[in-house]
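Structure first, commentary second.
The values are calculated or read from the model by the stated rules, or taken from the named source; none is laboratory data. From a predicted model like this one, the values you see are computed outputs, not experimental measurements. Cβ: placed from backbone, ideal geometry, glycine included. Neighbour counts: every protein chain shown.
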Amino acid sequence: MRALALIGAVSLTGCVTTATPDAGAWKIERGHDRIVDRPAATAQLTAPSRNERQQQLRYPQVQLQIASLQLGCFDNAPVVRLAFNHRVGSNRTSTLSYRFDDNPGRDVPARFLQTYATVLIEDPAEVARFVDQLRVSNALYVRIMSHIAGTSTVEFSLKGAPMAIDAAYQACPIDSRSKPRTAVAPMIGASRSVPA
């Protein structure tokens, strides 16, 4: 259910996709959130992915394996979303790791959605750490290891990331000190309360 809500959150009413040289290969969709009456945007980057188990199951030329890196807001909080067109794992059997340029690699807490092909980084401190490195790096290498789905990898070229970051998070600025979101969304206009 939350997966459908996330997809709906990034489907912007009246969105316009912009392609500028400064944005590199990022696709930036700008729109307006009519519910809260403010600008909204997402930024997405795609690259070929690899999963040896999937390649053994079908001819590689039948279905090209693709992954996308998407930046945006969900429930007024910044999130990082990785989506694949093949199965990558589940919460109980998989881990997400990434490495920017030649910096040390990092295992990160992430949530695998029920599609088994989409992974979210939602913790505010982890999103802040990821985006800080994204802004100043040239390449991002991602690895997902799963007992069920095998190992999936993808490498993104990050040219234009600062423009993508600024557009995607304009409605939900990144603050690593924010409390994690609760499972229950607040009513529009109501103040957010955290259960005791």
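Descriptive notes on the structure:
- Residue identified as within 14 Å of residue 69 (Cβ to Cβ) and either loosely packed, with under 14 Cβ neighbours inside 10 Å or among the charged types (D, E, K, R) (or both) among 129, 143: 143
- Restricting the stretch 90-118 to residues that are in a strand (DSSP E or B) and small (Gly, Ala, Ser) leaves a set whose member that is surrounded by the most Cβ atoms within 10 Å (Cβ to Cβ) is 94.
- Any hit, the stretch 55-71, residues being buried (at least 20 other Cβ atoms within 10 Å of the Cβ) and modelled with pLDDT under 90: no
- In the stretch 146-164, residue surrounded by the fewest Cβ atoms within 10 Å (Cβ to Cβ) [restricted to those that are of a type in the set (Gly, Ala, Ser) and closer than 17 Å to residue 80 by Cα]: 157
- Reported count of residues in the stretch 111-140, each being within 14 Å of the chain's Cα centre (by Cα) and either more than 22 Å from residue 162 (Cβ to Cβ) or not aliphatic (A, V, I, L, M) (or both), is 13.
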